[in-house]
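K.L.:
Take this structure first; my questions come after.
Please treat every number below as a calculation from the coordinates, not as lab data. Quantities reported herein were computed from a predicted structural model and do not represent experimental measurements. We place every Cβ from the backbone using ideal geometry, glycine too, and count neighbours over all the protein chains shown.
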Amino acid sequence: MANHKSAIKRIRSNNAKRLRNKYQHKTVRNAVRNLRATTDKKEASAMFPKVASLIDKLAKRNVIHKNKAANLKSGLAAHVNKL
């Protein structure tokens, strides 16, 4: 167990950040899954900017790597264009 007051606080804050990151990451994964499941081009085109924005926010906060974000966005863009 931690011996310093600052280490105890760090453990608390790390846990809070971990839970927040986990929630946001899961939310984005669900949004990506919903977009990929969409077969209507008009609906997918409306969803794509919102999902891309969520992905960018995760990359900005280092929840996911920036290259992973780019790969996800390009794959989703290709899916939307293919519809």
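K.L.:
Over the Cα atoms of the chain, what radius of gyration and what Dmax do you get, in Å?
P.N.:
Cα-based Rg and Dmax for the chain come out at 17.0, 58 Å.
K.L.:
Give a residue-ordered list of calculated ³J(HN,Hα) values for the range 40-52 (Karplus: 6.51 cos²θ - 1.76 cosθ + 1.60, θ = phi - 60°; whole Hz; x for Gly, Pro).
P.N.:
Residue by residue, the range 40-52 yields 8, 5, 5, 5, 5, 5, 6, 6, 4, x, 5, 5, 4 Hz.
K.L.:
Listed highest first by mean packing, meaning other Cβ atoms within 10 Å per residue, what order do 32-40, 68-76 come in?
P.N.:
Details: 32-40: 13.0, 68-76: 15.3.
So the peptides 32-40, 68-76, ranked by packing, come out 68-76, 32-40.
K.L.:
How much length is gained if the chain between residue 17 and residue 62 is pulled fully straight, taking 0.36 nm per residue apart and subtracting their Cα-Cα distance, in nm to one decimal? Intermediate values should be presented prior to the final figure.
P.N.:
Working: separation 45, 0.36 × 45 = 16.20 nm, distance 1.18 nm.
Extra length available between residue 17 and residue 62 comes to 15.0 nm.
K.L.:
Among the lysines, which fall within straight-line cross-link reach of residue 42, defined as a Cα-Cα distance under 21 Å, with same-chain neighbours fewer than 8 residues apart omitted?
P.N.:
Within the straight-line limit of under 21 Å, residue 42 reaches these lysines: 50, 73, 82.
K.L.:
If you don't mind, another one. Please check: in the Gaussian network model of the chain (C-alpha springs, under 10 Å), which one of 45, 53, 13 has the largest mean-square fluctuation.
P.N.:
So, out of 45, 53, 13, the one fluctuating most is 13.
K.L.:
Using only DSSP helix segments of four residues or longer, with each worth -39500 (n - 2.57), what per-residue ellipticity at 222 nm results for the chain after dividing by its residue count and rounding to 500?
P.N.:
My calculation for the chain gives -29500 deg cm²/dmol from helical runs alone.
K.L.:
Output the relative contact order of the chain, whole-number percent, from Cα pairs under 8 angstrom with separation of 6+ residues.
P.N.:
Details: 38 pairs, mean separation 25.3, N = 83.
Relative contact order here is 31 percent.
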